[in-house]
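Accompanying notes for the structure given below.
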Amino acid sequence: MKVLVAVKRVVDYNVKVRVKSDGTGMDIAGVKMSMNPFDEIAVEEAVRLKEKGLATEVVAVSCGVAACGETLRTAMAIGADRGLLVETDAELQPLAVAKLLKAIVEREQPGLVILGKQAIDDDANQTGQMLAALLGWPQATFASKLELDGEGARVTREVDGGLETIGINLPAVVTTDLRLNEPRYVTLPNIMKAKKKSLDTLKPGDLGVDVAPRLQTLKISEPPRRGAGVKVPDVATLVSRLKTEAKVI
Ligand code: AMP
């Protein structure tokens with residue numbers, strides 16, 4: 001079974017991003033970019049399936065600017081067999097990515113597609129769900145355990161009250177939660193090996209997909225600054241001030 005993994009190039013999680021002064025977006029010029037952390041977990045899971053003999057090939061896909069090719073090389077250094085870049089300079093919203101991934105799925109015919117539960121830049125948490133809907137496939141989101149059994153999969157999901165285990169038929173879409181696995185470190189020999197793996201580039205037009213944005217961002221603003229804290233001498237004063245000043249108890 002072939003496994004397709006979607007990997008997004010995002011601002012590295014250690015970078016503190018700033019809002020542009022005109023409020024039209026984030027200023028990401030010159031900042032460090034990395035693979036979305038949930039997508040690293042997705043690649044790791046797919047590679048583990050291959051190592052267990054449950055998957056035959058792991059194909060990583062990224063949609064975006066040419067530099068997403070670097071993200072695909074990282075996926076291949078973790079263990080993906082090859083990469084597919086859908087190259088465009090256009091702003092890609094989740095629905096456009098889901099349509100591109102659907103077109104790739106139709107070409108590649110994987111038995112399983114693994115995505116991150118959300119991208120840490122737009123925090124949309126939509127692409128996997130939209131992809132499953134467009135394909136008419138079962139979906140298991142927020143997976144913290146994935147077990148393949150014959151025709152289907154058992155997926156444990158982190159829900160409010162604890163853990164929920166569901167059974168789904170394959171082919172299916174799974175999105176990863178933080179505790180699914182701990183991705184391996186990428187070693188230098190594997191980075192070198194990844195350079196030799198195949199990376200094909202397509203354009204949205206080759207897939208017949210219109211990626212024009214359907215949503216317009218009206219404004220982005222910084223969260224309000226936190227005021228300075230105060231020290232209180234004892235618990236009684238704390239309780240009294242929480243009651244009378246902060247009015248939270
Ligand atoms: P989102 O719905 O934007 O929060 O993203 C959820 C997941 O969809 C990510 O963790 C990726 O696996 C996948 N994804 C989103 N955007 C892209 C992209 N441009 N290229 C590849 N995968 C993407």
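Here the spin labels are modelled as points 7 Å beyond Cα on the Cα-Cβ line, and at Asp22 and Val239 they lie 5.5 nm apart. In this entry, the chain is assigned a mean projected area of 17.9 nm², taken as a quarter of its C-alpha convex hull surface. In the chain, the longest principal axis of the Cα atoms and the axis of helix 68-78 are about 80 degrees apart. By accessible area, using a 1.4 Å probe on protein heavy atoms only, the chain has 52% of its surface on carbon and sulfur.
Once C-alpha pairs closer than 8 Å and six or more residues apart are averaged by separation and normalised to the residue number of the chain, the relative contact order reads 23 percent. Calculated accessible area for segment 2-246 comes out at 56 Å² per residue, all protein chains present (probe 1.4 Å; ligands, DNA, RNA ignored). For a straight C-alpha distance cut-off of 20 angstrom, the aspartates and glutamates reachable from Lys203 (same-chain residues fewer than eight places away being disregarded) are Glu70, Glu87, Asp89, Glu91, Glu106, Glu108. For Val65, Val3, Val248, the ranking by accessible surface with the largest value first comes to Val248, Val65, Val3, using a 1.4 Å probe. Note on Lys196: lysines with a C-alpha under 24 Å away, same-chain residues under 8 apart excluded, are Lys2, Lys8, Lys50, Lys52. For the chain, the longest principal axis of the C-alpha atoms and the axis of helix 37-51 are separated by about 40°. In this structure the amide hydrogen of Ala143, modeled in the peptide plane, comes within under 5 Å of the amide hydrogens of Thr175, Thr176, Asp177, none closer than 5 places in sequence on its chain. The candidates Tyr185, Tyr13, arranged from most to least accessible area with a 1.4 Å probe in the full protein assembly, appear as Tyr185, Tyr13. Estimated from helical segments only, the mean residue ellipticity of the chain at 222 nm is -8500 deg cm²/dmol, where each DSSP H run of four or more residues counts as -39500 (n - 2.57).
If both residues of a DSSP beta bridge must be in the chain, then about 40% of such bridges are antiparallel.
With respect to the chain, whose longest principal axis is taken over its alpha-carbon atoms, helix 94-108 is tilted by about 20°.
Pull up the DSSP beta bridges for segment 101-249 and report the antiparallel fraction as a percent, rounded to 5. Counting only bridges with both partners in segment 101-249, antiparallel ones make up about 65 percent.
The values are calculated or read from the model by the stated rules, or taken from the named source; none is laboratory data. This one's a predicted model, so the numbers in the text were calculated from it and none came from an experiment. All Cβ positions, even for glycine, are placed from backbone atoms using ideal geometry, and neighbour counts span all protein chains on display. Only protein heavy atoms, including side chains, enter the accessible area calculation; ligands, DNA and RNA are left aside. Shrake-Rupley method; radii C 1.70, N 1.55, O 1.52, S 1.80 Å.
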